[in-house]
Amino acid sequence: MGQSGNFPVANKVIAEWFPKKERAFAVGLYNGGASVGTLLSPLIVPVVVAAYGNDWRAAFLWTLQVSVIWIICWLFFYRKPDKHRMVSQQELTHINSDIEKESPEKIKWATLLKTREVWGICVGKFIADPIWWFYLFWGAKFLNGKYGLNLKEIGIPFFTIYLVSWGGGIFLGWLSSRFLKRDWSLNKGRKMGFLICAAFALPVMLVPHVDNMWLAIGIIHLLIPTIKPLNLS
């Protein structure tokens, strides 16, 4: 329930705090931050579960405290740029350098569904997200069934997968922003970023046919950073 609201809000925050030419890189950074929990989980969860008699439910105990701390920090620190006491006029001018005035007119669903760009984003998300969540939920089961890794051995392989996801997502976000700074149009810069992501994802078809575990993980490394930049939309 919390995650479903997080990413639309995160994109809105990015739009409020960054000019268009820097947003893709900013999205890569916050997506990288979202991977930090996934980086830590394979190292923390086995220890916590083992300490509570191998009860998997114990793995969810430590997330409550982290969530409460985050909520307190958000409520205390977050403000829009024009209302934040630590933002200078120069910074505010930079943030609003390419802002477009939003129309107060409400857009109807029927109008959105007739727009080609909306369908492009929706189809991309519906195709890519199930693959991302498949590896997120079933990756451990796959490594166990295919290569015989147990709960204690699976931490390092999963850690490396999401470490590369972190770096790859940031790099691809930076690349898209770099295109815009080279005076590419927003349309061309974003689409070229998506095209590069799509090319990286193709080798994932080989994963079930690879006998070497680290080679399979290397191929998965290519896939995961390609899914996350879809949040650039």
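The values are calculated or read from the model by the stated rules, or taken from the named source; none is laboratory data. Being a predicted model, the structure only gives us computed values, none of them experimental. A quick note on method: Cβ atoms are made from the backbone with ideal geometry, for glycine too, and the neighbour counts reach across all protein chains shown.
Among the numbered criteria (1) over 18 Å from SER177 (Cα atoms); (2) in contact with a Pro (Cβ under 6 Å, 6 or more places away or on another chain); (3) charged (D, E, K, R), which one does ARG116 miss?
(2)
May I ask you to verify whether VAL36 is touching a helix residue (DSSP H, G or I) at 6+ places or on another chain (Cβ under 6 Å), within 27 Å of GLY167 (Cα to Cα) and assigned to a helix (DSSP H, G or I)?
So VAL36 does not fit the description; no.
For GLY167, are the conditions met, namely being closer than 28 Å to SER97 by Cβ and either surrounded by 12 or more Cβ atoms within 10 Å (Cβ to Cβ) or modelled with pLDDT of 70 or more (or both)?
In short, no.
Report those helices (runs of 4 or more DSSP H) wholly inside region 98-194 carrying at least 2 residues which are small (Gly, Ala, Ser).
116-147, 155-181
From the list ALA26, ALA59, ALA15, pick out the single residue that is in contact (Cβ under 8 Å) with a residue 24 or more places away in the chain, under 26 Å from SER165 (Cα atoms), assigned to a helix (DSSP H, G or I) and hydrophobic (A, V, I, L, M, F, W, C). Even if it seems obvious, please write down each step before you answer.
On the way: ALA59 fails: in contact (Cβ under 8 Å) with a residue 24 or more places away in the chain; ALA15 fails: in contact (Cβ under 8 Å) with a residue 24 or more places away in the chain.
None of the others qualify; the one that does is ALA26.
Could you tell me which numbered condition ILE99 fails, if it satisfies all but one of (1) β-branched (Val, Ile, Thr); (2) closer than 22 Å to SER4 by Cα; (3) in contact (Cβ under 8 Å) with a residue 60 or more places away in the chain?
The single condition ILE99 does not satisfy is (2).
May I ask you to list pairs of residues, at least six apart or on different chains, whose Cβ atoms are under 6 Å apart, with the first in region 69-96 being in contact (Cβ under 8 Å) with a residue 24 or more places away in the chain and the second being of a type in the set (Phe, Trp, Tyr)?
PRO81/TRP17
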